[in-house]
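The block underneath contains the structure these notes are about, expressed in structure tokens.
The values are calculated or read from the model by the stated rules, or taken from the named source; none is laboratory data. It should be emphasised that the depicted structure is a prediction, and the values quoted were computed from it without experimental measurement. Virtual Cβ from ideal backbone geometry, glycine too; neighbours counted across all protein chains shown. Keep in mind that these areas ignore ligands, DNA and RNA; they rest on the heavy atoms of the full protein, side chains included. Shrake-Rupley method; radii C 1.70, N 1.55, O 1.52, S 1.80 Å.
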Amino acid sequence: MKANRMEAFSDGVLAIIITIMVLEFKVPEDHDWYALIGLGPKILSYIFSFVYIGIYWNNHHHLLHMVRTVHGRLMWLNLLLLFWLSLIPFTTAWMGESHFAPTPTALYGIILLLSAFSYRLLQRAIIQQHSGDSSFVVSMGKDWKVKLSPFLYLIAVLTAYVSSWISCFFFVLVAVIWFVPDKRIEHALRGQ
């Protein structure tokens, strides 16, 4: 079985996640620009999450192009990733409504940490399918972004109780690191 069915399912889940996040917005009762100021924390948390879902969608899309065959383990690892990502709308809403209170911000970081860990498990399972291509395995093993991101998320979780804005700095930093999809996958696809 090819990965296109798993990719289509994942695309649908990610689209639903974004839809759920935007449905959390309630229309302000007032009809002027000042009414939107009260929505500032919700809008900011939505922007964070929208960017993160977009980054996962983009990198997931690239990663699934490396799948040779789909098997049960790969499907379960993909579902694990989607499970953690599906919790982002809840933590986004809580973080925005609480105006970035420490506990919701820390939980947001924990969900991002678990999503990153799940992405890494999925990536490693796909790399194992290429065990005969040692140059590919070696190049994919040198993934500084995958290794650095959990550490930065952990710092974000721990600093949430010092300052939520420090945590948000680390969320933005990880997003910037991942904004450009994995070039190694693009190079590998061109080489096939």
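Numbers below:
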{"quantity": "From the options Phe100, Phe83, Phe48, residue that is in contact with a Phe, Trp or Tyr (Cβ under 7 Å, 6 or more places away or on another chain) and not β-branched (Val, Ile, Thr)", "calculated": "Phe48"}
{"quantity": "Output for the range 60-99, where each listed residue is of a type in the set (S, T, N, Q) and open to solvent by 20 Å² or more (accessible area, probe 1.4 Å)", "calculated": "Thr69, Ser86, Ser98"}
{"quantity": "Meets criteria (in contact with a Ser or Thr (Cβ under 8 Å, 6 or more places away or on another chain), within 25 Å of Leu80 (Cβ to Cβ), modelled with pLDDT of 80 or more and in a helix (DSSP H, G or I)) for Tyr108", "calculated": "yes"}
{"quantity": "Subset of the range 129-160 that is modelled with pLDDT of 85 or more and of a type in the set (S, T, N, Q) - its residue that is farthest from Trp57 (Cα to Cα)", "calculated": "Thr159"}
{"quantity": "Residue match in the range 130-143 (condition: among the acidic types (Asp, Glu) and open to solvent by less than 60 Å² (accessible area, probe 1.4 Å))", "calculated": "yes"}
{"quantity": "Counted residues, the range 4-59 - those being open to solvent by 30 Å² or more (accessible area, probe 1.4 Å) and not in a helix (DSSP H, G or I)", "calculated": "11"}
{"quantity": "Failed criterion for Phe171 (all others in (1) among the aromatic types (Phe, Trp, Tyr); (2) at pLDDT 90 or above; (3) open to solvent by 30 Å² or more (accessible area, probe 1.4 Å) hold)", "calculated": "(3)"}
{"quantity": "Subset of the range 174-192 (residues that are of a type outside the set (Val, Ile, Thr), at pLDDT 80 or above and surrounded by 15 or more Cβ atoms within 10 Å (Cβ to Cβ))", "calculated": "Ala175, Trp178"}
{"quantity": "Hey, Phe90 without any contact (Cβ under 8 Å) to a residue 24 or more places away in the chain and part of a helix (DSSP H, G or I) or not", "calculated": "yes"}
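Matching residues to (1) touching a residue at least 24 places away in the same chain (Cβ under 8 Å); (2) in contact with a Leu (Cβ under 8 Å, 6 or more places away or on another chain):
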| site | (1), (2) |
| --- | --- |
| Tyr34 | no, no |
| Lys42 | yes, no |
| Val51 | yes, no |
| Ile55 | yes, no |
| His65 | yes, yes |
